[in-house]
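S.K.: This is the structure I have questions about; it appears just below.
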Amino acid sequence: MCGIVGYVGERDISSVLLVGLERLSYRGYDSSGISIISNGELSTWKKQGKIVELNNLLSGLSIKGSLGIGQTRWATHGVPNEVNAHPHFSETKKIALVHNGIIENYMEIKKRLIKNGHIFRSETDTEVLIHSIEEHLETTDSLLEALEKTLSEIVGTYSIATISEADPEKIVIARKGSPLIIALGKDENFVSSDINAILTHTKKVIYLEDNEIGYVTKTSTFVKEIGGSEVQKEVKVIDWSPTDAEKNGYEHYMLKEIFEQPSVIRNIISKYIDKDNNITLSKIHQPNLDISNVNRFIIQACGTSWHAGLIAKYLIESYARVLTEVDISSEFRYRQMITQGHDIVMAISQSGETADTLACIREAKSKFFKVLSFVNVKESSIDRESDGVVYSYAGQEIGVASTKNFIAQLATIYIFSIHLGLAKKHLNKEQASEMIQELRRIPDYIESILKKSEEIRTIAEKYCFSREFLFIGRGVNYPTALEGALKLKEISYIHATGYAAGELKHGPIALIDAKLPVVCVAPQTLTYEKMVSNIQEVKTRKGKTIIIATQGDEDIKSLADDIIYIPKASEDLTPILASVPLQLISYYIALKLDCDVDQPRNLAKSVTVE
Ligand code: M6R
């Protein structure tokens, strides 16, 4: 979703802002713009479409200046066009502002401002902010004070950066419910909604918390609570490398990330398991979080992370015998939660910034639930606000469609469930050790699947012109089927539905005809025979079957129009293995259809609005 970048310093200002915006582009956007104060005068450039359009607009211009802000916009209020693009500027064109988030009460504020003579140009909620600041600047010279007064009237979420000709040394910033950081350089400073925009410049950052406002100059920073006093902020050093954000010779980030999966699992094993197969999850045993006497987990997550949550339910209930509910965050947050005591709310999130997931943990904490989170991005809001955390260690994921992070979530959930099973004494050390040995084999198994990528590509291309797909699976592979369908929808825009195979007869079987490709996730698990019967039902109705089966399973071949074998593994690890060919099928179909694989239309990597 929208991304903010700001810079104050002596580098080439437009290129710092453009490169920053480019590094935010993976989040998904539909327009972009920058404002720069040059020779005391503020100028703004905006363009609909890709950042290259903005770059073309700026090319040939010699822009001097040492202060500027920029934004990639993902449209919510108002279509993607130049007028609605950020930065928005004041009537006098002397103040500019970028905003991520949603101003919920903008209509009533807009009415008041219009009555006071303000003329609105855009359809956005954001524009009220700039007019309101301008109005408050009639009674104060301080941009920070004008923004603070504006925010006192605002209901909604925001990260904001604003600059003014009257104060050409400062970028004034504020945060509530949408991330914002200050990044510190030598005689230069940056602001951004996302570490990626500044990672090549510095690793020293300050995280703004909700309800904080402040400013950065070339050599100083200041942060206070909105309506309160100054806050001394801690400077943190990030341990990521910008090379994570390169394609390393792959055509797309998504393909690179699919091929990184073996090393992701090896890395997770090295982080959490020692050579004697002992598990250490240091950040879940916090003084205020006791997982050993948990009675119930309530998992809440969105999208791919929700699919990981559905698999977590199988593993936690099976290894630790702890009742586990799974809910979609946007549903959970408006449900009346029943507290029974010793319940733990579990949030699963790659970005750690998903608005609905974050809102749920805040709601849960207000009702005295403890919160344990599985997150990939360290120091994200969900990481910082949880009582305990398990990091996914997937490295930075740039492709909007989640791949290596899903696999990392499944591996960490597997390790966590074994750990809990031991703590609850439902597993013994030998069983746990054998289960860990199974996990150790997985990276090699994934590598063997990746070696078949050309074979998978041929199968994918055979079906790429079908306008709909059905994905079916049972048990732990029912969520795998859901995830396979989501991947295909996201990047190829083909309608795909995931179903529990046992549900076919209760409705979706009506869809099956000779034209419908049905992807059947059918490794040899407990429900294998049942799954074979379900595939038989599809075949009888002439559906085209693409079967993911266990290596050596010759019997199932007779039911398959196409078959992709995965190595034999423990049942609970088959979702990891089966997901790899499903990811590749989606990738190659999207590639053949010439879709924007890494930045699919309408999607955002980090969904920071409700
Ligand atoms: O960052 P999160 O894991 O909280 O994101 C949740 C979903 O928005 C995300 O998984 C989404 O479904 C992806 N596009 C899946 O590929």
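S.K.: If you average the C-alpha positions of the stretch 292-351 and of the stretch 515-552 separately, how far apart do those two centres end up, in angstrom?
M.R.: What the calculation gives is 29 Å, centre to centre.
S.K.: What distance in nm separates the two pseudo spin-label positions at Val83 and Asn288, each 7 Å out from Cα along the beta-carbon direction?
M.R.: Taking the simple label geometry, Val83 and Asn288 are separated by 4.8 nm.
S.K.: Which pairs, out of Lys47/Lys176; Lys149/Lys605; Lys236/Lys378; Lys452/Lys539; Lys365/Lys404; Lys149/Lys186, put more than 22 Å between their alpha-carbon atoms?
M.R.: Among Lys47/Lys176; Lys149/Lys605; Lys236/Lys378; Lys452/Lys539; Lys365/Lys404; Lys149/Lys186, the Cα-Cα distance tops 22 Å for Lys47/Lys176; Lys149/Lys605; Lys452/Lys539; Lys365/Lys404; Lys149/Lys186.
S.K.: Moving on to the next point. Over the stretch 452-592, with the other protein chains present, what is the accessible area per residue in square angstrom, probe 1.4 angstrom?
M.R.: Accessible area per residue, the stretch 452-592: 37 Å².
S.K.: For the stretch 424-531, take the alpha-carbon Rg, divide it by the Kirkwood Rh, and send me Rg/Rh.
M.R.: Result for the stretch 424-531 is an Rg/Rh of 1.06.
S.K.: Hey, what's the stretch 193-275 come to in accessible area per residue, 1.4 Å probe, Å²?
M.R.: 47
S.K.: Over the Cα atoms of the chain, each weighted equally, I'd like the Debye log10 I(q)/I(0) at q = 0.06, 0.07, 0.11 Å⁻¹, rounded to two decimals.
M.R.: Relative scattering, expressed as log10 I(q)/I(0), comes to -0.34, -0.46, -1.05.
S.K.: Looking only at the chain, where both bridge partners belong to it, what percent of the DSSP beta bridges are antiparallel (to the nearest 5)?
M.R.: The antiparallel fraction comes to roughly 60 percent.
S.K.: R0 = 35 Å: FRET efficiency of Arg266 with Glu10, Cβ-based, nearest 0.05?
M.R.: So the FRET efficiency works out to roughly 0.25.
S.K.: Something else about it: Give me log10 I(q)/I(0) at q = 0.14, 0.19 Å⁻¹ for the stretch 452-592, Debye formula, one equal scatterer per alpha-carbon, no solvent.
M.R.: Log10 of I(q)/I(0), two decimals: -0.54, -1.06.
S.K.: Roll a 1.4 angstrom probe over the protein heavy atoms and tell me the percent of accessible area of the stretch 1-93 that is carbon or sulfur.
M.R.: Within the stretch 1-93, the accessible surface is 49 percent carbon and sulfur.
S.K.: Could you state the orientation-averaged shadow area of the convex hull built on the Cα atoms of the stretch 256-447, in nm² to one decimal?
M.R.: It is 9.9 nm².
S.K.: Sticking with this one: Divide by every residue of the chain the summed helix terms, -39500 (n - 2.57) for each DSSP H run of at least 4, and state the resulting mean residue ellipticity at 222 nm, rounded to the nearest 500 deg cm²/dmol.
M.R.: Helix contribution divided over all residues of the chain: -10500 deg cm²/dmol.
S.K.: If you bin every alpha carbon distance in the stretch 238-336 into 10 Å steps from zero, what whole percent lands in each bin?
M.R.: 12, 26, 37, 21, 4
S.K.: On the accessible surface of the stretch 452-592, probed at 1.4 Å, how many percent belong to carbon and sulfur atoms?
M.R.: Taking all protein chains in place, the stretch 452-592 shows 52 percent carbon and sulfur surface.
S.K.: At 7 Å along the Cα-to-beta-carbon direction for both Ser570 and Gln437, put a label point, then send me their distance in nm to one decimal.
M.R.: 1.0
S.K.: Using a 1.4 angstrom probe on heavy atoms only, work out the carbon and sulfur share of the accessible area of the stretch 270-356 in %.
M.R.: 48
S.K.: Additional query: Can you give me the angle between helix 404-423 and the longest principal axis of the chain, using Cα atoms only, in degrees from 0 to 90, rounded to the nearest 10?
M.R.: 70
S.K.: Angle between the Cα long axis of helix 303-320 and the longest principal axis of the chain, 0 to 90 degrees, nearest 10?
M.R.: Helix 303-320 and the main axis of the chain meet at about 50 degrees.
S.K.: Which length gain, in nm to one decimal place, applies between Met337 and Ile238 when the Cα-Cα distance is subtracted from 0.36 nm times their residue separation?
M.R.: This chain segment gains 32.0 nm when fully extended.
S.K.: On to the next question. Helix 528-540: angle to the longest alpha-carbon principal axis of the chain, degrees 0 to 90, nearest 10?
M.R.: It works out to around 80 degrees.
S.K.: Which semi-axis lengths, in whole Å and largest first, follow from the square roots of five times the eigenvalues of the Cα gyration tensor of the stretch 3-245?
M.R.: Calculated on Cα positions only, the semi-axes equal 25, 21, 17 Å.
The values are calculated or read from the model by the stated rules, or taken from the named source; none is laboratory data. A quick note: this is a predicted structure, and the numbers were derived from the prediction, not measured. Heads up, the Cβs are rebuilt from the backbone with ideal geometry, glycines too, and the neighbour counts pull from every protein chain shown. For accessibility, only protein heavy atoms count, side chains too; no ligands or nucleic acids. Shrake-Rupley method; radii C 1.70, N 1.55, O 1.52, S 1.80 Å.
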